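Below is one structure, written out as C-alpha cells; comments come after it.
The values are calculated or read from the model by the stated rules, or taken from the named source; none is laboratory data. Everything numeric in this text was worked out from a predicted model, so none of it was measured. Don't worry about glycine lacking a Cβ; one is built from the backbone with ideal geometry, like all the others, and counts go over all protein chains shown.
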Amino acid sequence: MVNLQAAFAPSSSTPSAPIRKSFAVVGGGSSGLAALRVLLELQVASNPWDVVLLEQRRDVGGVWLPDNHKPDPPSIPETPLYPLLHTNTPVPSMTYPGFHIRPYHRRYADHFNITPWIQFNRRHWDLNGHLIVATGNNHYPHIPVWKGQDAWLAKDAQRQSNPENTRTKPERLDIVTQVSLHAAKTYLSSRSPVSWEPEGPITYKGDIANFTENVIWFSDGTFVDADVVILGTGYENLFPFLEAGGIIRTDPSARRASDDNGILQTNTRYVFPLHEHIVSLSSRLPVTALAFIGLPVFVANCPSDRIQALYAVHTMSNSSLLPSREVLLTQLDARENWIRAQGEDPYRLGHRQLMPGGHDYQDGLWRHLQRHGAVPDDGAPYVEAWRRHTVSIGAVLKRGWTRIERLGTQQEWLAGVETEEEWADLQDRIARWQTEWEEEQGIFLRKEQSLF
C-alpha cells in the first residue's frame with residue numbers, strides 16, 4: 001500500500017530534531033540499483049536516511065535476471081528474456097559509468113555494498129515516505145486485438161495466446177532473424193518501415209488487417225497461412241500498486257486536462273505530468289514526494305538510470321533545486337509543444353527519446369545539477385565522448401561483430417579487454433576492420449541504420 005498523501009500531510013507539532021528522511025525504491029533492476037547507490041552516496045552522515053529497496057523477485061537484475069520457470073498463460077513471465085537474445089546495442093554502451101561489463105547487476109550490488117538495503121521477494125508493503133518507482137517498462141505486454149483472432153486461435157490448439165510471445169521492437173527484429181533460419185516461411189508485419197533490416201529469408205508485409213479461421217489478412221489485401229504469431233508490439237506503462245493507492249489512473253485515451261483532480265495518469269505509453277520524465281507534478285503531493293526512474297526508451301539504460309537517479313535524489317532531498325510546480329508545468333507544456341512541432345504526438349511518443357541514445361537529455365539533467373551546485377562543475381558533460389561515438393558507428397559494429405561470430409574469432413578480439421577505455425578501443429578497431437573489408441568487397445550501403 002502506498003500512502004504518500006498521509007506521509008506529507010502538514011504536522012501540527014514542531015519537531016525538536018531534524019526530521020529523518022525516509023526513501024523507498026521499488027524495483028531491483030538497472031534503475032533501482034542506480035537509485036539505491038545514489039541514495040547511499042548522498043545521505044548525510046550526521047542525519048542518515050532510512051533507505052530500503054523492495055524487489056519482488058529472488059535477486060537483482062530486473063529484466064536481465066532469467067526466469068527459472070515458464071508460466072502458463074495468461075500469467076505474465078517475470079522477464080522478457082529469451083534464449084539466444086542478441087542486444088540491439090553494443091554491450092559496453094549500456095554500462096553504468098565507470099563500471100564495466102561482466103555478470104553485471106549482482107556484481108554491481110556487491111561491489112558497492114548496497115545489498116543489505118535490499119529486501120527480496122517483497123510483493124506487499126506499506127510505504128509512507130519518499131518513493132522512487134524503478135519498476136521498468138518491459139513487464140506488462142501490449143497485446144492488440146484484431147477482428148477474427150479468436151476464431152483463428154480456436155482453429156488449432158497450438159495457436160494459444162501467450163504473453164511470453166510479446167516483444168519489443170528490437171526484440172522482434174532479433175527474433176525474426178533467428179526464426180527465419182529454421183521456419184519454412186517467415187513474415188515480418190510492420191505498419192512502418194523497420195529501422196534496420198534483419199538477416200535471413202524474410203518476407204515483409206504491411207499491418208495486419210484481420211484474422212479468419214484459416215489465414216491472416218494484411219492491409220495491402222494479401223493473406224498468409226501462418227502457424228504461429230509472435231507479437232513485437234511492446235509493453236505498457238502500468239503501475240498497479242500506485243493505482244491501488246490512488247496515486248495514478250490508467251486511461252488509454254487520457255490527455256492532460258484541468259479536471260484530472262491532480263492525479264497522475266498513464267495512457268499506457270506516457271506517464272504524466274512528470275518533470276523531465278522523472279519528477280511527479282501531481283498536485284496531490286509535494287514535488288519532492290514521488291519520482292520515476294527508467295521510463296525513457298531508445299536509450300542505453302544504465303547511464304540514463306544513473307543520471308536520472310542523481311537528479312531525482314538531489315531534487316527530492318533539496319526542494320530549492322527546482323522552481324515551483326506551476327513553472328515546471330509550463331516547461332512541460334513547452335516540451336510537449338516542441339514535440340508536436342517535430343511532427344510527433346507527445347501522448348503517443350511517450351517517453352521515447354527523439355535524439356539518438358538520449359545523450360542530450362542526460363547532459364541536460366547534469367547541467368541543471370551543475371548550475372545549482374549539486375554536483376561539481378568541471379566543464380565536462382555527463383555523457384562520455386566514446387558513448388556518443390558508439391551511436392555513430394553502431395551499425396557497422398553490428399555488422400562487424402556478426403562477421404567475427406561467423407569466423408569464430410570472438411575470443412581473439414576479446415582477450416584482455418576489461419576497462420571502459422579498452423572496450424571503447426575495441427569498438428573502434430572492429431569498426432575500422434569492418435569498414436575496410438566492406439570497401440575492399442565493394443559494399444556500399446545506402447545509409448547507416450539506427451541503433452535505436
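Here are the numbers for this structure:
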quantity: Residues of the stretch 362-391 satisfying the condition of being outside any helix (DSSP H, G or I) and free of Cβ contacts under 8 Å to residues at least 12 places away in the same chain; calculated: Gly373, Pro376, Asp377, Asp378, Gly379, Ala380
quantity: Subset of the stretch 333-361 (residues that are farther than 20 Å from Pro252 by Cα and either assigned to a strand (DSSP E or B) or touching a Leu at 6+ places or on another chain (Cβ under 7 Å) (or both)); calculated: Gln342, Gln353, Leu354, Met355, Pro356, Gly357
quantity: Out of Leu397, Leu328, sole residue that is part of a helix (DSSP H, G or I) and closer than 23 Å to Ala134 by Cβ; calculated: Leu328
quantity: Every pair of residues 6+ apart whose Cβ atoms lie under 7 Å, when the first sits in the stretch 393-405 and is under 16 Å from Phe444 (Cβ atoms) while the second is hydroxyl-bearing (Ser, Thr, Tyr); calculated: Val396/Thr435
quantity: Some residue of the stretch 400-422 being assigned to a loop (DSSP other than H, G, I, E, B), in contact with a helix residue (DSSP H, G or I) (Cβ under 9 Å, 6 or more places away or on another chain), surrounded by 14 or more Cβ atoms within 10 Å (Cβ to Cβ) and not assigned by TED's automatic domain parsing to the domain that holds Tyr311; calculated: yes
quantity: Cross-chain or 6+ apart pairs with Cβ under 9 Å, the stretch 416-428 first and closer than 15 Å to Tyr104 by Cβ, then at pLDDT 90 or above and acidic (Asp, Glu); calculated: Glu420/Glu384
quantity: Hey, Arg123 modelled with pLDDT of 80 or more, over 20 Å from the mean Cα position of the chain (by Cα), in the same structural domain as Ala289 (by TED's automatic domain parsing) and loosely packed, with under 15 Cβ neighbours inside 10 Å or not; calculated: no
quantity: Candidate set from the stretch 35-74 (those that are part of a loop (DSSP other than H, G, I, E, B) and of a type in the set (Val, Ile, Thr)); member that is farthest from Phe241 (Cα to Cα); calculated: Val44
quantity: All positions within the stretch 216-251 that are exposed (fewer than 15 other Cβ atoms within 10 Å of the Cβ), without any contact (Cβ under 8 Å) to a residue 40 or more places away in the chain and of a type in the set (A, V, I, L, M, F, W, C); calculated: Val224
quantity: Options Arg348, Arg306: the member that is surrounded by fewer than 14 Cβ atoms within 10 Å (Cβ to Cβ) and within 26 Å of Gly29 (Cα to Cα); calculated: Arg348
quantity: Matching residues, the stretch 120-155, being among the polar types (S, T, N, Q) and over 22 Å from Pro252 (Cα atoms); calculated: Asn121, Asn128
quantity: Strands (runs of 3 or more DSSP E) fully within the stretch 196-275 counting 3 or more residues that are within 22 Å of the chain's Cα centre (by Cα); calculated: 248-250, 264-266
quantity: Complete set of residues in the stretch 289-319 that are under 15 Å from Val375 (Cβ atoms), of a type in the set (S, T, N, Q) and either assigned to a helix (DSSP H, G or I) or touching a Leu at 6+ places or on another chain (Cβ under 8 Å) (or both); calculated: Gln308, Thr315, Ser317
quantity: Residues satisfying the stated conditions in the stretch 373-428, i.e. more than 28 Å from the chain's Cα centre (by Cα) and over 30 Å from Leu42 (Cβ atoms); calculated: Arg403, Ile404, Arg406, Leu407, Gly408, Thr409, Gln410, Gln411, Glu412, Trp413, Ala415, Gly416
quantity: Residue in the stretch 276-295 that is of a type in the set (Val, Ile, Thr) and out of contact with any helix residue (DSSP H, G or I) (no Cβ under 7 Å at 6 or more places or on another chain) present; calculated: no
quantity: Inter-residue pairs, beta-carbon under 7 Å, first under 17 Å from Leu65 (Cα atoms) and not assigned by TED's automatic domain parsing to the domain that holds His389 and in the stretch 91-106, second assigned to a loop (DSSP other than H, G, I, E, B) and at pLDDT 70 or above, 6+ apart; calculated: Met94/Ala300; Ile101/Thr95; His105/Val60; His105/Gly61; Arg106/Asp59; Arg106/Val60; Arg106/Gly61
